[in-house]
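The next block holds one structure in the form of structure tokens; read it before the comments.
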Amino acid sequence: MGVSEDILYDCVIVGGGPAGLTAGLYCARAKLNTVLLEKGTLGGQIAITDLVENYPGFPDGISGKELIQRFKSQAERFGLQIVRKEVTGLSKNGKEIHLHLRTGEVVRSKAVIVASGASPRRLGVPGEEEFINRGVSYCATCDGPLFEGVPIAVVGGGDSACQEGLFLTRFGSVVYLIHRRDQLRAQKHLQEKILSHPKVKFLPNKVVVEIKGSEAVEKIILQDTKTGELSELPVEGVFIFIGLEPNTGFLRGVVDLDERGYVITDSKLRTSMEGVFAAGDCRSGSTGQVAVAVGEGCLAALEVEKYLEG
Ligand code: NAP
């Protein structure tokens, strides 16, 4: 099923990660005429997370893929319509909100929940763009198995670098964890796990300044952040986990964003445009936790219900 330009929807949800799918579940159960638009793969960042260990209800953890599949089937069971389309702009026409799609279509709705999430940040060093899919990756679950028995570099010191770095120890002969400081930012439990892993070598106070190779990645050039000294490290895989950038380009000049591009909301998740709400990782102050995204998706849907009731 597609979207129709002839229907005035009650609610359109932009983004099919945990926040969007939860909002969809609540809107569908409230019998609102709702459609969820997703431009890529459902699940966002969670779909590329190997193991989610801190979402309540799964004491042994659950793979990101399976968790999203469960969110999707639960929302669809109550009638949520999910459509693969990209939203490129938003505008207001009286009380109606118009969503402009990449295809040129315009979808009309009484309310919108933006749950467009965030995407991996790029390092911005020479060789990074050139070697994407030839050694450079932002997704361990997608690309990890390609690096069986060879040295891998993981860049970053947050939860993602540690969680995904641990997953990559299944494949790499060695996993170098490269961090620009000597203290990791990740949760203590993850820090302990990764730093005690026999296959992991922690390289603190180092930044990657270049990624080199011919057909594929062969080595990276590191710079010591304390001494400025340069060194070479032979690796075949470079997995970059240095944080996220919000997927809010389509909202620039439309709703208020903070200095980093995240959507500003009030405590009821209302944005600066009447009828437009935001939830999950695209929202200013987001915590990057599935449990929080789910809570915000739920709250946004309840607020939309109240808004529609006038
Ligand atoms: P993050 O928490 O923002 O950490 C980014 C890491 O990359 C930091 O260690 C940062 O260094 C480093 N960094 C940033 N820019 C860099 C650059 N240009 N060069 C080198 N290093 C750079 O990002 P994340 O780990 O992707 O996590 C995103 C969100 O998802 C977080 O809220 C996180 O808690 C959440 N998350 C949670 C889980 C979980 O609960 N299990 C798993 C994954 C992600 P500094 O430390 O020096 O700033």
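The numbers here are math on the coordinates, done by the rules we state, and not lab data. The shown structure was predicted, so the numbers you read here are calculated from the model rather than taken from an experiment. Neighbour counts are summed over all protein chains in view; Cβ atoms, including those assigned to glycine, are modelled from backbone coordinates with ideal geometry.
Of the trypsin sites (Lys or Arg not before Pro) found in segment 24-103, those that fall in a DSSP loop while having at most 15 other beta-carbon atoms within 10 Å are Lys31, Lys95, Arg102.
Do you know the relative contact order of the chain, to the nearest whole percent, from alpha carbon pairs under 8 angstrom that are 6+ apart?
Numbers: 723 pairs, mean separation 64.1, N = 310.
Once divided by the residue count of the chain, the mean separation gives 21 percent.
Using the scaling law 2.2 N^0.38 Å as the reference, what is the normalised Cα Rg of segment 34-143? Let's see the in-between values first.
Values: Rg = 17.5 Å, N = 110, 2.2 N^0.38 = 13.1 Å.
Working it through for segment 34-143, the quotient is 1.34.
Only lysine pairs 8 or more places apart or on separate chains count here, and in segment 136-240 those with Cα atoms under 21 Å apart total 11. Taking 20 Å as the straight-line reach from the Cα of Lys31, the lysines in range (excluding those fewer than 8 positions away in the same chain) are Lys72, Lys110, Lys306. In this structure the amide hydrogen of Glu218, modeled in the peptide plane, comes within under 5 Å of the amide hydrogens of Lys212, Gly213, none closer than 5 places in sequence on its chain.
How much space per residue, in cubic angstrom, does the convex hull of the C-alpha atoms of segment 136-240 take up? Intermediate results must be reported in sequence, preceding the final value.
Details: hull volume 8.8 nm³, N = 105.
So the per-residue Cα hull volume is 84 Å³.
Using Cα pairs under 8 angstrom and six or more residues apart, how large is the relative contact order of segment 25-148, in percent?
Numbers: 140 pairs, mean separation 29.8, N = 124.
That works out to 24 percent.
How many nm separate the modelled label positions at Phe58 and Glu259, each set 7 Å beyond the Cα in the direction of the Cβ? Calculated label separation equals 3.6 nm.
Of the residues Ser116, Ser284, Ser214, the one that moves most in a GNM of the chain with alpha-carbon contacts below 10 Å is Ser214. Database remark: amide H of Leu51 closer than 5 angstrom to the amide H of Gly64 (H placed geometrically; neighbours at sequence offset of 5 or more, or on other chains; Pro and chain starts carry no H). Summing Cβ point charges (Lys, Arg +1; Asp, Glu -1) relative to the Cα centre of segment 136-240 gives a dipole of roughly 420 debye.
According to the Cα gyration tensor, what semi-axes, each the square root of 5 times an eigenvalue, does the equivalent ellipsoid of the chain have, listed from largest to smallest in whole Å?
Numbers: eigenvalues 301, 78, 60 Å².
After diagonalising the Cα gyration tensor, the semi-axes are 39, 20, 17 Å.
Tell me which aspartates and glutamates have Cα within less than 15 Å of Lys85's Cα, excluding those fewer than 8 residues away on the same chain? The qualifying aspartates and glutamates are Glu5, Glu38, Glu105.
For the chain, Cys11, Cys27, Cys162, Cys282, Cys298 have no disulfide-compatible partner, since no other Cys C-beta lies under 4.7 Å from theirs. Given a cut-off of under 8 Å on Cα pairs at least six residues apart, what relative contact order in percent is computed for segment 136-240? Relative contact order, segment 136-240: 31 percent. Stretching Leu308 away from Ala216 to a fully extended chain increases their span by 27.7 nm, per 0.36 nm per residue minus the current alpha-carbon distance.
Note on Glu192 and Arg84: the extension gain reaches 34.9 nm, defined as 0.36 nm multiplied by sequence separation minus the Cα-Cα distance. Residues whose amide H comes within less than 5 Å of that of Val255, counting only those at least five positions distant or on another chain, are absent (H built at 1.01 Å from N in the peptide plane). Once the Cα atoms are used to define both axes, helix 290-309 deviates from the longest principal axis of the chain by about 20 degrees.
Both numbers refer to the Cα atoms of segment 232-290; Rg and Dmax are 15.6, 54 Å. Separation of segment 14-47 from segment 99-135 is 16 Å, based on Cα centroids.
For Glu129 and His100, FRET efficiency with R0 = 41 Å and r from the beta-carbon atoms, rounded to 0.05?
Numbers: r = 28 Å, r/R0 = 0.69.
It comes to 0.90.
Against the chain, whose longest principal axis is taken from its Cα atoms, helix 64-77 shows a tilt of about 10°.
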